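Heads up, the thing below is written out as structure tokens.
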Amino acid sequence: MSGNIRADWRERRQAAGKTMKVKDAVARMGTYDPPLAARKDQDALLLDFNESTLPPAPEVIEALQRFLQDGNLQRYPTHPALLERLAEYAQARTGQLILCNGSDQSLEIIIRAVLEPGDEMVQARPGFAMIPQFAEVLGAVVVSPAYREDMSFPCEEVLAAVTPRTRLIVLINPNNPTGTAIAPRQIETILKTHPDIPMLVDEAYYEFTGETAVPMLARHGNLAITRTFSKAFALAGLRLGYVISNEQFIQELHKVRGPFDVNILAVKAAEAVLAHSGSWRKYIDEVMNRAKPMVERFFDEHSVTYFRGAANFMLVRPDDRDAACEYLRENRILVRPQSPPIGDTFRLSVGTVADMTRFMEVYSGYLASREGGARQA
């Protein structure tokens, strides 16, 4: 090999090592990039990610401590006891359930099991951004009819968006970030209209609404439901979610999910959560029946535009989105600014009465500052 050829070969090898080529579908995508950097202030009131503002119950912490002292972290996890308890809670059979590493993985394995490159997935927008990302990684096409101006669910538009290439319909109930509830009759209509197309209903906020599509599983073989332990159960840091569907489809999902994807600490915490429901049920009652109505009255009294959602969060449209979010951040309260087509809004997680009292005090200051500025102008 001559000197020039060797030099050219070395240059080409060096250049190839500088980049790792990904498939075109990934290269074309953007990144789902939640604003985590703003959370470095440990004392801020975090009303941005729809988490519980309270930690898990003492019984959950005690269960984790006992396991760390007496358990076997060196062994791969198993979870038959949790499946039994979860089946009772979800009103399903154990064979209808599969545990996952957060509901994000639940959504991903369904999409991976169903979609191929070029297939279409229908999901109304705005919605949870990770779902289209999972589909686009596979080279699928996401068809996104828009939520209506009043943020009501576009049922007719979703039905009209289905084509011969549609292989999955996704409903988020209630929807994140709009908070929109989808009526059971609308879900049933879509299932009946397209009985041969798989439908995914995400119920991440089920505990806050009490509304579920689980009874429809007995009538429709094309339905899968996803849920999470991250929200009402206050276990977001342990990453645990699950799918409820017919047993045949669950068996197919086991081919996609790894056998040890769910860690044992999440399993032990979930067992304790389901065994000791008093704390989280009390939290839900406070959020939905006391704190949220209190904030709604505050917004009504101060002519702040918002959308009445069904879950533990609200979509707010202030006079100046960026100014409102910055004022809150300066006062150590974080909310979640939204992107187009609702880029003039922020999403507000609802916490305890004490949390929301603090929010209202700070937001009153923001409103007063705007009024003062208007008078000076």
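Restrict the check to region 260-277 and report whether at least one residue is surrounded by fewer than 21 Cβ atoms within 10 Å (Cβ to Cβ), over 18 Å from Pro174 (Cα atoms), more than 19 Å from the chain's Cα centre (by Cα) and among the aromatic types (Phe, Trp, Tyr).
Among the residues of region 260-277, at least one is surrounded by fewer than 21 Cβ atoms within 10 Å (Cβ to Cβ), over 18 Å from Pro174 (Cα atoms), more than 19 Å from the chain's Cα centre (by Cα) and among the aromatic types (Phe, Trp, Tyr), which makes the answer yes.
Which of the strands (runs of 3 or more DSSP E) contained wholly in region 193-251 include at least 3 residues that are surrounded by 18 or more Cβ atoms within 10 Å (Cβ to Cβ) and in contact with a Phe, Trp or Tyr (Cβ under 9 Å, 6 or more places away or on another chain)? If you could, list the steps in order and put the result at the bottom.
Working: elements: 199-202, 223-228, 241-245.
By residue number, 223-228, 241-245.
In this structure, is Arg112 among the basic types (Lys, Arg) and either farther than 26 Å from Pro215 by Cβ or surrounded by 17 or more Cβ atoms within 10 Å (Cβ to Cβ) (or both)? Outline the logic, then answer.
Details: among the basic types (Lys, Arg): yes; either farther than 26 Å from Pro215 by Cβ or surrounded by 17 or more Cβ atoms within 10 Å (Cβ to Cβ) (or both): yes.
When the stated conditions are applied, Arg112 passes them.
Would you confirm, using the coordinates I've provided, whether Glu51 is part of a loop (DSSP other than H, G, I, E, B), touching a residue at least 60 places away in the same chain (Cβ under 8 Å) and among the acidic types (Asp, Glu)? Working first, answer last.
On the way: part of a loop (DSSP other than H, G, I, E, B): yes; touching a residue at least 60 places away in the same chain (Cβ under 8 Å): yes; among the acidic types (Asp, Glu): yes.
The answer is yes for Glu51.
Restricting to region 163-192, name every residue that is of a type in the set (A, V, I, L, M, F, W, C) and surrounded by fewer than 18 Cβ atoms within 10 Å (Cβ to Cβ).
Filtering region 163-192 down to residues of a type in the set (A, V, I, L, M, F, W, C) leaves 168-172, 181-183, 187, 190-191.
Within region 163-192, just Ala183 meets the criteria.
Can you go through Pro195, Pro164 and tell me which one is farther than 30 Å from Glu286 by Cβ, out of contact with any helix residue (DSSP H, G or I) (no Cβ under 8 Å at 6 or more places or on another chain), without any contact (Cβ under 8 Å) to a residue 24 or more places away in the chain and not basic (Lys, Arg)? Walk me through how you get there before you give the answer.
On the way: Pro195 fails: without any contact (Cβ under 8 Å) to a residue 24 or more places away in the chain.
Just one listed residue meets the conditions, Pro164.
Give the residues of region 1-51 that are at pLDDT below 80 and among the polar types (S, T, N, Q), sorted by residue number.
Matches in region 1-51: Ser2, Asn4, Gln14, Thr19, Thr31, Gln42.
Does region 56-64 contain any residue that is at pLDDT 95 or above, within 30 Å of Arg347 (Cα to Cα) and part of a loop (DSSP other than H, G, I, E, B)?
Within region 56-64 (the criterion being at pLDDT 95 or above, within 30 Å of Arg347 (Cα to Cα) and part of a loop (DSSP other than H, G, I, E, B)), the answer is yes, since at least one residue qualifies.
The values are calculated or read from the model by the stated rules, or taken from the named source; none is laboratory data. Here the structure is a predicted model, which means the values were calculated and not measured. Cβ: placed from backbone, ideal geometry, glycine included. Neighbour counts: every protein chain shown.
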